[in-house]
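Colleague: Let me begin by handing over the structure; questions about it come next.
Read-outs: derived from the displayed coordinates by stated rules, not from any lab. These figures come from a predicted structure and were not determined experimentally. Note that each Cβ is placed from the backbone with ideal geometry, even for glycine, and that neighbours are counted across all protein chains shown.
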Amino acid sequence: MMSGLMLVFLFIAISFMVKVEEQMQVMKDVAIEYRDTKVNLNEALFEEFENDLLSWDARITKDNRVVFSSEKVLFEVSKSEIKNEFKVVLKDFFSRYIRILTAPEYKNEILELRVEGHTSDSWFNARSEEEIYLKNMQLSQNRAYEVLSYCYSLEDKTVVNNRIWLQKYFRANGMAFSQLKDAGKSRRVEFTIQMKSEDSVYKILK
């Protein structure tokens, strides 16, 4: 009787260990996939835009954010209309950017493509902290929308051919000053990408 129970417990323990090992392997595979895709995409973005970043006053981060920071080029103070100088940059940038993202090795891995508007943490003549926050939130959302609208409406062949894909994945987010790090670079526009493998990693961690 005891021998039989011990065998049952041993079988349960072995089954549990096998299941844990399988889950760990799944986690490892997802993490490796995310890392490799992220690194490869970063290399592709740098290869494509490295020679333009200085003139655009832009940078590409390790997590594949493309950040445009020139206050002189982007928008007038407290306005959301895109300056002509930034339109020229976006026209050059966006079609090349989408060509990379819709390449076979990345297109089906993208969960969301976002354009984010970021502002300072001040507002001229604001009467309260609440007003500063709300004004900047509205401004950042309007700016993000204007950039999305301009990019989506470009009559470039690559953009036109991928409009259905953009409708599914392209979003505009107003961030106000929620990610304020460098006051000198607070007013900026960022293009960010969330990968499906990244989302899977978050779900596993939860």
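Colleague: Using the Karplus curve 6.51 cos²θ - 1.76 cosθ + 1.60 with θ = phi - 60°, work out ³J(HN,Hα) for each residue of the range 140-147 in order, rounded to whole Hz, and write x for Gly and Pro.
Modeller: 5, 5, 4, 5, 4, 4, 4, 5
Colleague: Can I ask one more? Specify which residue in the list MET175, SER95, ILE82 is farthest towards the positive end of the charge dipole of the range 67-185, using unit charges on the beta carbon of Lys, Arg (+1) and Asp, Glu (-1), about the Cα centre.
Modeller: Checked the options; the winner is SER95.
Colleague: Please compare each pair in LYS91/LYS168; LYS79/LYS135; LYS107/LYS196 to a cut-off of 18 Å on the Cα-Cα distance and tell me which ones are over it.
Modeller: Distance filter (> 18 Å) returns LYS91/LYS168.
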